[in-house]
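Peer 1: This is the structure I want to talk about, given as structure tokens.
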Amino acid sequence: MSSLRGAAAITGIGETALGHLPGSNVMDLCAESARLCIEDAGIDKDQVDGLIAFGSRVEDHTRFQALLAEHLGMPAKHYTDVTKTGGASSASAVRTAASLIATGQCDNVMIVFADNLSSGLGPDGIIPIFAAHHHLEYELPFGPLIISLYALVARRLMIEYGWTPEQVAHAAVAARQWAALNPKAALRDTPITVADVMASRPITTPLRRADCSLISDGGAALLVSRADHARGGRKKPVYLLGAGSMFSYYYIHNLPNFTDYLIDLGAESANRAKDIARLGNKDMDMAFLGDPVSWCVPANLASMGFCNIRDAAEFVASGAIAPGGSLPVNTHGGNLACAHPGTPGQTLPIIEAVRQLRGEAGARQQKKANTAMVHGQAGVLTSHCTLVLGTEDTL
Amino acid sequence: MKTPLDVEADPTDPDIIDIGWMRIVTSPYARFFWEGCKKHELRIPKCNACGNVWFYPTPRCTKCLAPAGDWIVSCGDATLYSWTAVYRPVVEAVSKTLPYLVVVVEMAEGVRMMANLEGAKEEQLRDGMPLRVGFKELPSGAVMPYFSLAG
């Protein structure tokens, strides 16, 4: 397992325009993110010998990855696949790419995720499609939203650990503060307060509108390359130091509980990544995580080991994760305030981590930016994949 | 794009349950559950080979993987494990009064299930409250389980 440490590096990133992009389509967003990524890496696209895609909620296809390769004019590859672990897919794809590289099967693996949930479907279109994630006999007939499952978990965290909606609202507030520093963030010009979050309309209690993420269009691509090749690249390589994952149940019925079990799954994922990286939480300069609802921020931070489950909501409320705090989290604004184009929504935090570690994050650039932990999460905290990234100095 | 919410009603098909705003397409291996609802019995899968009791119905026992199909009838008692009041319906057509309560209950037999809690307001709810299963006949003739506060 330790052979993964430093075997591969992220050498290219591509991020399309984000937000509501009328007239966009999935293959166009994929191609644009791939073009930007290749340009950023400064390689010829014929050098890409692996391709990992997700597919699309709007325009999916059987063997989406082969169709994508055809659109990208990249037919010759040693490896293609789609990854279907929801919000954990992006981190999982990086881990797969690095594993392929570490075992000598590929040299340059491109990861391309794009979707146009906003212009392609809109809230009234996407919500019924997401509703199909529920069990169609034993869940959906009772009318839950997909985020109602997060609400049911949130309720147990309130009951067992005393988390309050006011404390957790600070996660939404911090996301807007970071977004204000990101010209591409959808909610860059609309700062909010905890009082605003608490005054926003209830959606599925205890979640209010401002606790919920955006619905966006956008594409994101990453190039993962052999570390020894990466050093001669156009940009400063960002090395994969460690990776771990934990995958569990699909529906909520069989979860042992909605609190410790879920947080511990994430912790097992994060601990594996930290062990391989031979780094601890105090070594991490910043954290990135999936935040489809505000409650995921303290939950994932607890899994990642930055706080324990008992203190997680208080940790978020302390201002630690906001600009100027002790642990910068989702410096791009996250799904809550930057963009949530579906699965690419959890590629964006990886791209932002790379920008930070390269020193390309503009107004939000952190001075201390050598290490980052990225935690992808899906299925209401039942699927987790964690990456530890670092600069050359951390090898 | 077609979604499961677009399934057409078909009164002649016993495996399509019309609940008004959507149609439940029942799994052949889960017929016993829905037939139980018609008799006001909440039936929970039980494996005759290994004794496992689980929920929701699956084609095989989730413990020993023997073919499933046997069940026990729940005593109908449950406790409240978690809840959310939904203010924005999953689709506009949801024929429930807003907000409606989506709950996860723990049956006395040890399994959890999702359902609606009826006849109560969110403010009344407490962790572990005793609940009781009930059955409601819809205009289509379909029978759905629901829960209410016990006593």
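Peer 1: State all residues of the stretch A:174-206 that are buried (at least 21 other Cβ atoms within 10 Å of the Cβ), of a type in the set (S, T, N, Q) and farther than 19 Å from A:V329 by Cα; if no residue qualifies, say none.
Peer 2: Answer for the stretch A:174-206, where residues must be buried (at least 21 other Cβ atoms within 10 Å of the Cβ), of a type in the set (S, T, N, Q) and farther than 19 Å from A:V329 by Cα: just A:T204.
Peer 1: Every residue in the stretch B:45-78 that is surrounded by fewer than 18 Cβ atoms within 10 Å (Cβ to Cβ) and under 26 Å from A:A131 (Cα atoms), please.
Peer 2: Hits for the stretch B:45-78 are B:T58, B:P59, B:R60, B:T62.
Peer 1: From the list B:L125, B:L117, exactly one residue is over 24 Å from B:G36 (Cα atoms), facing chain A (nearest Cβ under 10 Å) and aliphatic (A, V, I, L, M). Which is it?
Peer 2: Result: B:L125 is the single residue among B:L125, B:L117 that is over 24 Å from B:G36 (Cα atoms), facing chain A (nearest Cβ under 10 Å) and aliphatic (A, V, I, L, M).
Peer 1: Does any residue in the stretch A:130-155 that is closer than 14 Å to A:C296 by Cβ come within less than 6 Å, Cβ to Cβ, of a residue that is assigned to a helix (DSSP H, G or I) and modelled with pLDDT under 90 six or more places away or on a different chain, and which pairs are these?
Peer 2: Sorted first by the residue in the stretch A:130-155, then by its partner, the pairs are A:I146/A:F130.
Peer 1: I would also like to ask the following. Could you tell me which residue of the stretch A:116-145 is farthest from A:D228 (Cα to Cα), considering only residues that are in a helix (DSSP H, G or I) and among the aromatic types (F, W, Y)?
Peer 2: A:F142
For (1) touching a His at 6+ places or on another chain (Cβ under 6 Å); (2) at pLDDT 95 or above; (3) in a loop (DSSP other than H, G, I, E, B); (4) among the aliphatic types (A, V, I, L, M), each residue gets a yes or a no:
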| position | (1), (2), (3), (4) |
| --- | --- |
| B:T84 | no, yes, no, no |
| B:V91 | no, no, yes, yes |
| B:V104 | no, yes, no, yes |
| B:N116 | no, yes, no, no |
| B:A120 | no, yes, yes, yes |
| B:F135 | yes, yes, no, no |
| B:P145 | no, yes, no, no |
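Peer 1: Which one of these does A:C106 not meet: (1) farther than 25 Å from A:R226 by Cα; (2) without any contact (Cβ under 8 Å) to a residue 60 or more places away in the chain?
Peer 2: (1)
Peer 1: Another question, then. Can you tell me which of A:L21, A:L51 is touching a Lys or Arg at 6+ places or on another chain (Cβ under 9 Å) and outside any helix (DSSP H, G or I)?
Peer 2: The unique qualifying residue is A:L51.
Peer 1: Being part of a loop (DSSP other than H, G, I, E, B) and of a type in the set (V, I, T) is the filter here; which residues of the stretch A:152-192 pass it?
Peer 2: The initial filter retains those residues of the stretch A:152-192 that are part of a loop (DSSP other than H, G, I, E, B), namely A:162-164, A:180-192.
Residues satisfying the conditions are A:T164, A:T190, A:I192.
Peer 1: From the list B:L42, B:L117, which residue is closer than 19 Å to A:L136 by Cα, crowded, with 19+ Cβ neighbours inside 10 Å and in contact with a Leu (Cβ under 6 Å, 6 or more places away or on another chain)?
Peer 2: B:L117
Peer 1: Can you name the residue in the stretch B:13-34 that is over 13 Å from B:M144 (Cβ atoms) and assigned to a loop (DSSP other than H, G, I, E, B) and is also modelled with the highest pLDDT among such residues?
Peer 2: Result: B:S27.
Peer 1: Just checking, which of A:S56, A:S89 is at pLDDT 90 or above, hydroxyl-bearing (S, T, Y) and closer than 30 Å to A:G266 by Cα?
Peer 2: A:S89
Peer 1: Going through the stretch A:87-120 one residue at a time, which ones are crowded, with 24+ Cβ neighbours inside 10 Å and polar (S, T, N, Q)?
Peer 2: A:S89, A:S90, A:S92, A:N108, A:N116, A:S118
Peer 1: Related question: Within the stretch A:99-115, count every residue that is among the aliphatic types (A, V, I, L, M) and not in a strand (DSSP E or B).
Peer 2: Taking the stretch A:99-115 and keeping what is among the aliphatic types (A, V, I, L, M), we get A:100-102, A:109-112, A:114.
Right, trim to not in a strand (DSSP E or B) and you get A:100-102.
Qualifying residue count, the stretch A:99-115: 3.
Peer 1: Moving to a separate point now. Would you tally the residues in the stretch A:305-319 being over 19 Å from A:V197 (Cα atoms), out of contact with any Leu (no Cβ under 7 Å at 6 or more places or on another chain) and in contact (Cβ under 8 Å) with a residue 24 or more places away in the chain? Walk me through how you get there before you give the answer.
Peer 2: Looking only at the stretch A:305-319, we keep the residues that are over 19 Å from A:V197 (Cα atoms), and these are A:305-311.
Checking which are out of contact with any Leu (no Cβ under 7 Å at 6 or more places or on another chain) leaves us with A:305, A:308-311.
Narrowing the set further to residues that are in contact (Cβ under 8 Å) with a residue 24 or more places away in the chain leaves A:305, A:309-310.
Total satisfying the criteria: 3.
Peer 1: I'd like the full set of residues that are among the small types (G, A, S) and either within 7 Å of another protein chain (Cβ to nearest Cβ) or surrounded by fewer than 24 Cβ atoms within 10 Å (Cβ to Cβ) (or both), limited to the stretch A:121-159.
Peer 2: A:G122, A:G125, A:A131, A:A132, A:G143, A:S148, A:A151
Peer 1: Could you list, in sequence order, the residues of the stretch A:208-250 that are over 24 Å from A:T382 (Cα atoms), under 20 Å from the mean Cα position of the chain (by Cα) and acidic (D, E)?
Peer 2: If the condition is that a residue be over 24 Å from A:T382 (Cα atoms), under 20 Å from the mean Cα position of the chain (by Cα) and acidic (D, E), then A:D217 is the only one that fits.
Peer 1: Which of the residues spanning the stretch A:324-369 are in contact (Cβ under 8 Å) with a residue 40 or more places away in the chain, in a loop (DSSP other than H, G, I, E, B) and closer than 21 Å to A:I111 by Cα?
Peer 2: Answer for the stretch A:324-369, where residues must be in contact (Cβ under 8 Å) with a residue 40 or more places away in the chain, in a loop (DSSP other than H, G, I, E, B) and closer than 21 Å to A:I111 by Cα: A:N330, A:H332, A:C338, A:A339, A:H340, A:P341, A:G342, A:T347.
Peer 1: Can you name the residue in the stretch A:309-323 that is assigned to a loop (DSSP other than H, G, I, E, B) and in contact with a helix residue (DSSP H, G or I) (Cβ under 6 Å, 6 or more places away or on another chain) and is also surrounded by the most Cβ atoms within 10 Å (Cβ to Cβ) among such residues?
Peer 2: A:I321
Peer 1: Any residue in the stretch B:35-47 that is under 16 Å from B:M114 (Cα atoms), within 13 Å of chain A (Cβ to nearest Cβ) and in a helix (DSSP H, G or I)? Before the answer, list the steps.
Peer 2: Start the filter on the stretch B:35-47 by keeping residues that are under 16 Å from B:M114 (Cα atoms), which leaves B:37, B:42-45.
Filter once more, keeping what is within 13 Å of chain A (Cβ to nearest Cβ): B:37, B:42-45.
Okay, now just the ones that are also in a helix (DSSP H, G or I), so B:37.
Within the stretch B:35-47, one or more residues are under 16 Å from B:M114 (Cα atoms), within 13 Å of chain A (Cβ to nearest Cβ) and in a helix (DSSP H, G or I).
Peer 1: Within the stretch B:129-150, how many residues are touching a Phe, Trp or Tyr at 6+ places or on another chain (Cβ under 8 Å) and either among the charged types (D, E, K, R) or more than 16 Å from B:G36 (Cα to Cα) (or both)? If you could, list the steps in order and put the result at the bottom.
Peer 2: Here is the first cut: in the stretch B:129-150, the ones touching a Phe, Trp or Tyr at 6+ places or on another chain (Cβ under 8 Å) are B:131-136, B:143-146.
So of that shortlist, the ones also either among the charged types (D, E, K, R) or more than 16 Å from B:G36 (Cα to Cα) (or both) come out as B:131-132, B:136.
So the count comes out to 3.
Peer 1: Further question: Step by step: first the residues of the stretch A:228-267, then only those that are assigned to a strand (DSSP E or B) and of a type outside the set (G, A, S), then the one that is farthest from the other protein chains (Cβ to nearest Cβ). Which residue is that?
Peer 2: So, considering only residues that are assigned to a strand (DSSP E or B) and of a type outside the set (G, A, S), the one farthest from the other protein chains (Cβ to nearest Cβ) is A:Y239.
The values are calculated or read from the model by the stated rules, or taken from the named source; none is laboratory data. If you're wondering where the values come from, they're calculated on a predicted model, not measured in any experiment. Reconstructed Cβ throughout: ideal geometry from the backbone, glycine too, with neighbour counts over all protein chains shown.
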